[in-house]
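Here the structure is laid out as structure tokens; the discussion comes afterwards.
We did not get these values from a lab; they are worked out from the coordinates using the rules stated. Note that the structure is predicted; figures quoted are calculated from it, not measured. Backbone-built Cβ (ideal geometry, glycine too); neighbour counts: all protein chains shown.
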Amino acid sequence: MLDKPARGKTCEAVQGLVQESKDLMQDFTDFEAFDAAVIAAQQSVEHDEISRYGTLRTWAAHLGMKKAVKLLVQTLQEEKKTYEV
């Protein structure tokens with residue numbers, strides 16, 4: 001849509017959330033609360049993704065990019081669904 005190739009960029013905040021998740025899961029390996037730790041870790045990453053996609057959707061709407069808005073709304077709904085699991 002933008003006539004530019006897709007590209008990725010390493011995000012230190014997300015890397016920090018992933019590491020925090022790994023640490024949390026290691027702390028609970030031998031406890032019944034392990035499942036809850038896994039869910040908490042995943043929700044922290046999903047929350048970040050929801051925030052980012054919501055921001056992108058808003059920017060796209062302000063720029064009049066209707067196709068992008070539609071795709072970002074779909075992605076945002078998927079992320080929210082994953083967060084709720």
Largest-first principal axis extents, alpha carbons of the chain, Å = 51, 25, 17
Along the principal axes of its C-alpha atoms, what lengths does region 42-85 span, in descending order and rounded to whole Å?
-> 32, 14, 8
Inter-label distance, nm, simple model (7 Å from Cα along the C-beta direction), LYS81/ASP27 = 3.2
Evaluate the Kirkwood expression for the hydrodynamic radius of region 23-68, namely the inverse of the mean inverse distance over all pairs of different C-alpha atoms, and round to one decimal in Å.
-> 12.6
Report the net charge of residues surrounding ILE50, where surrounding means a beta-carbon distance below 15 angstrom and charges are Lys +1, Arg +1, Asp -1, Glu -1.
-> -2
Rounded to the nearest 500 deg cm²/dmol, what is the calculated helix-only ellipticity per residue at 222 nm for the chain, with -39500 (n - 2.57) per DSSP H run of length n ≥ 4?
-> -26000 deg cm²/dmol
